[in-house]
Ligand SMILES: Cc1cc2nc3c(=O)[nH]c(=O)nc-3n(C[C@H](O)[C@H](O)[C@H](O)COP(=O)(O)OP(=O)(O)OC[C@H]3O[C@@H](n4cnc5c(N)ncnc54)[C@H](O)[C@@H]3O)c2cc1C
């Protein structure tokens, strides 16, 4: 196994500061610490208003406050409290120097921080955006599908890791601990935060309120109460004298003993996960598979007659590609085909499998032939097909992708059961629900520690795995965050 030098050069450290790796007795101070002062006369410094101090500095004005924001006020008396989910959230100053740093406040990072704190390690989270977990909140807009209620083995079989995953357990980690945080554990965890859940007919599990924000508020409050610090508008910008951050106060450098990177994948970059980290980690010797869209739509150059069907939901059809199939609903959009049904077969389509649509999945060939053999009378082809297929958008799809239609009923029946799904390729990753690719599992050890960067652990969608929608993504992120957090805590304790 090849280990590169740690990214935090000891030569850069001047003074001892417990908890900050590399700051031995003869070491120089890091140029930035997790230390901030509350401006005089204000009720709360902005979360991004940290004032960096030297390694050994302390301030009587600094309060060892909990830096995480309070949950949204439930009544007027609480309205002075900041809303953790709003822009420019304000909060108390931070004065503690954490032993471990988590970068990225998505579900994977928050779970890593929760685990580190539970293992007795002081931990802080650096987040580039003004508020945490924006993608998690976005996931809640269409109904937060937290997990899927199914036996663990069946559940984890839906998660596929990139190269070399066959040797490992579901998340590519040769350790059962990751898979140990499966659907049952995720449901118990959410209920522990006071969130009521329900299971839909397909086994998908949602909060009763469908939204992410109540869960996130409760979670942030619990993290705050366990001493986890959160610093927003702190953007990690690479390795330089430790970990370099762009902050509202200028450049800061941190040198924690253990770091968990939970920076997300490459979809919806406007929510924070812009994959800017790829170059810095590659330069440090980390093997990274290129990102590709996952759970995405496909571009279609529709003919003019299809315009009237833009926005139409396609229900009651089956999609097939390779070994994947779906009975889920999807939508004809201006740009192509989008929606859950298409996402379920999107990985196979993306990887080159031919797609097909069964426009009459509840009829076998013989039953369909009975419909097609009925006399057409004076009906136009379109109206006749509508009687058979029941739905104008389905007929439109048959005409769009099946023309010229065969006259022979046998051949027409076969076409209706297996209409070629014609597309121009996947939609852009920026529109995808998630991404495939990322840090290869060969590049991490069983604790999700980067082999090239000892002391640096990784979790969540930045790792090279993918899964369909259905709660698999969030559960995978939470499981890997917990696993990386636990391993980082053990690493920290070994170093102490
Ligand atoms: C529209 C939509 C709906 C979804 N619905 C569901 C669903 O219902 N169920 C499900 O299971 N999954 C769903 N997902 C997927 C799920 O939200 C993601 O898989 C999950 O959020 C990934 O978690 P993560 O912690 O790995 O990364 P992210 O949630 O992307 O968090 C990464 C964090 O790192 C921060 N960051 C990035 N770079 C830096 C930097 N340089 N410095 C500091 N911070 C940085 C980002 O700002 C971000 O806050 C949905 C996704 C989308 C887009």
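Each reported figure results from applying straightforward, stated rules to the coordinates on display, with no laboratory input. Remember, it's a predicted structure, so these values are computed and weren't measured experimentally. We place every Cβ from the backbone using ideal geometry, glycine too, and count neighbours over all the protein chains shown.
If each residue's Cβ is checked for other Cβ atoms within 10 Å, how do 102, 123 rank with the fewest at the top? Don't jump to the answer; show the numbers that get you there.
Details: 102 35, 123 32.
With the sparsest Cβ surroundings first, the list reads 123, 102.
I need 317, 260, 381 ordered by Cβ neighbour count within 10 Å, fewest first.
381, 317, 260
Once fully extended, how much extra length lies between residue 354 and residue 496, figured as 0.36 nm per residue of separation less the alpha-carbon to alpha-carbon distance?
Difference between extended and current length: 45.6 nm.
Set the Förster distance to 25 Å, then compute FRET efficiency between residue 310 and residue 428 from the Cβ-Cβ distance, nearest 0.05.
Computed FRET efficiency for residue 310 and residue 428 comes out at 0.85.
With each label point set 7 Å from Cα along the Cα-Cβ vector, what nm distance links residue 118 and residue 299?
4.4
Quick one: if you stick a label point 7 Å off each Cα along the C-beta vector at residue 270 and residue 334, how many nm between them?
1.4
Using the Cα atoms as the points, what is the convex hull volume per residue of the range 209-284 in Å³?
Numbers: hull volume 10.1 nm³, N = 76.
So the per-residue hull volume is 133 Å³.
Could you tell me the largest-minus-smallest coordinate of the C-alpha atoms of the range 298-420 on each of the three principal axes, in descending order and whole angstroms?
Taking the Cα atoms of the range 298-420, the three principal extents are 42, 31, 22 Å.
Taking 0.36 nm per residue of separation and subtracting the Cα-Cα distance, what length does fully extending residue 411 through residue 157 add? Could you put the intermediate results ahead of the total?
Numbers: separation 254, 0.36 × 254 = 91.44 nm, distance 3.69 nm.
Taking 0.36 nm per residue and subtracting the Cα distance, the gain is 87.8 nm.
Please list the equivalent ellipsoid semi-axes of the range 225-336, computed as the square roots of five times the alpha-carbon gyration tensor eigenvalues, in descending order and whole angstrom.
Three semi-axes, in Å: 43, 17, 16.
What FRET efficiency do you get for residue 386 and residue 251 if R0 is 56 Å and r is their Cβ-Cβ distance, rounded to the nearest 0.05?
My answer for the efficiency is 0.30.
Take 465, 280 and order them by how many other Cβ atoms sit within 10 Å, fewest up front. Don't jump to the answer; show the numbers that get you there.
Working: 465 28, 280 17.
Going from least to most buried by this count: 280, 465.
Taking 0.36 nm per residue of sequence separation and subtracting the Cα-Cα distance, how much length would be gained by fully extending the chain between residue 376 and residue 364, in nm to one decimal?
2.3 nm
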